[in-house]
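One structure is given here, and the rest of the page talks about it.
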Amino acid sequence: QQQVKQSPQSLIVQKGGISIINCAYENTAFDYFPWYQQFPGKGPALLIAIRPDVSEKKEGRFTISFNKSAKQFSLHIMDSQPGDSATYFCAATGGYGGSQGNLIFGKGTKLSVKP
Amino acid sequence: DAGVIQSPRHEVTEMGQEVTLRCKPISGHDYLFWYRQTMMRGLELLIYFNNNVPIDDSGMPEDRFSAKMPNASFSTLKIQPSEPRDSAVYFCASSLDGNQPQHFGDGTRLSIL
């Protein structure tokens with residue numbers, strides 16, 4: 001019940017295309033859903049996050065879509081660029097008064113954007 | 001502002017040796033987290049501290065692993081004795097409080113031969 005399932009494992013997109021990464025969770029107590037971006041040799045960095053009181057959040061070319069009833073959320077990268085090539089992790093936490101102490105991460109998606 | 005600083009960046013040692021990983025969190029951050037990343041298991045939370053006190057160590061794999069936070073600006077993760085299956089990238093992260101994003105260091109790549 002604590003798992004976060006992420007797909008696909010890898011993704012190749014042409015420059016200018018849309019990249020879509022999906023995650024699903026089971027624990028209905030989760031109330032915070034961040035996405036992290038990781039470049040080789042670096043630690044994960046927070047990209048964008050959403051709480052379940054909204055169905056969508058957009059920051060620049062990055063959008064999170066959230067479906068509470070389906071317990072799914074996804075990351076959309078519009079106009080994908082070669083510089084977006086990285087590994088993306090979804091995560092979830094909650095049920096601790098909002099504490100992010102126990103972030104549960106998906107297994108990651110390696111995105112390659114071809115020029 | 002300096003981010004989370006981890007040392008060493010790389011560590012290669014032989015099985016059975018003691019390994020100590022170090023972390024300096026961002027100044028003013030009250031939460032500190034230790035993670036392990038492997039291809040097979042992904043990112044796993046090992047332990048986290050709030051105001052230097054360990055809150056949840058349920059992710060620590062076994063008694064060979066221990067973590068301390070003697071003060072607000074320093075934490076260690078120790079493995080004794082080390083085994084080849086401990087080979088992984090270990091990350092430290094910190095956050096301002098329990099409702100703020102976690103900021104990760106660049107990790108320590110540990111190889112146990």
* Can you tell me the dipole magnitude for the stretch B:32-113 around its Cα centre, using point charges on the Cβ only (Lys, Arg +1; Asp, Glu -1), in Debye to the nearest 20? => 200 debye
* Assuming R0 = 45 Å, what is the FRET efficiency of B:ARG9 and A:LYS58, from their Cβ-Cβ distance, to the nearest 0.05? -> 0.80
* Asked: Given Cα pairs under 8 Å that are at least 6 residues apart, what percent is the relative contact order of chain A?
  -> 37 percent
* Rounded to the nearest 20 debye, dipole of the protein assembly as shown from Cβ charges on Lys, Arg, Asp, Glu -> 640 debye
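Could you tell me which of rounded, prolate or oblate describes the stretch B:49-113, using a ≥ b ≥ c as the square roots of the eigenvalues of the alpha-carbon gyration tensor, with rounded for a/c under 1.5 and, failing that, prolate when a/b is larger than b/c and oblate otherwise?
Since a/c reaches 1.5 and a/b is larger than b/c, the shape of the stretch B:49-113 is classed as prolate.
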* To do: Determine the gain in length on full extension of the stretch B:LEU113-B:ASP97; use 0.36 nm per residue of separation and subtract their C-alpha separation, reporting nm with one decimal.
  => 2.0 nm
* Which of B:ILE79, A:ILE50, A:PRO40 sits farthest toward the positive end of the charge dipole of the protein assembly as shown, with +1 on the Cβ of Lys and Arg and -1 on the Cβ of Asp and Glu? -> A:PRO40
* To do: Place +1 on the Cβ of every Lys and Arg and -1 on the Cβ of every Asp and Glu in the protein assembly as shown, take the dipole about the Cα centre, and give the residue among B:MET60, B:MET39, A:ILE77 whose Cα lies farthest towards its positive end.
  => A:ILE77
* Overall Cα dimensions of the protein assembly as shown, principal axis frame, Å, largest first -> 48, 40, 36
* To do: Collect residues whose amide H, placed 1.01 Å from N in the peptide plane, falls under 5 Å from the amide H of B:ASP106; neighbours closer than 5 in sequence don't count.
  => A:GLY43, B:GLN6
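If eta is 1.306 mPa s and T is 10 °C, what Stokes-Einstein diffusion coefficient results for chain B, Kirkwood Rh from Cα pairs, in µm²/s?
Rounded, D is 114 µm²/s.
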* Convert 10 °C to kelvin, take the viscosity as 1.306 mPa s, use the Kirkwood radius over C-alpha pairs of chain A as Rh, and evaluate the Stokes-Einstein diffusion coefficient in µm²/s, rounded to a whole number. => 112 µm²/s
* To do: List the relative contact order of chain B as a percent without decimals, with contacts defined as Cα pairs under 8 Å and 6+ residues apart.
  => 37 percent
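No value in this document is a laboratory result; all are computed from the given coordinates. All values reported here derive from a predicted model rather than from experimental measurement. No Cβ is skipped: glycine too gets one built from the backbone with ideal geometry, and neighbour counts run over all protein chains shown.
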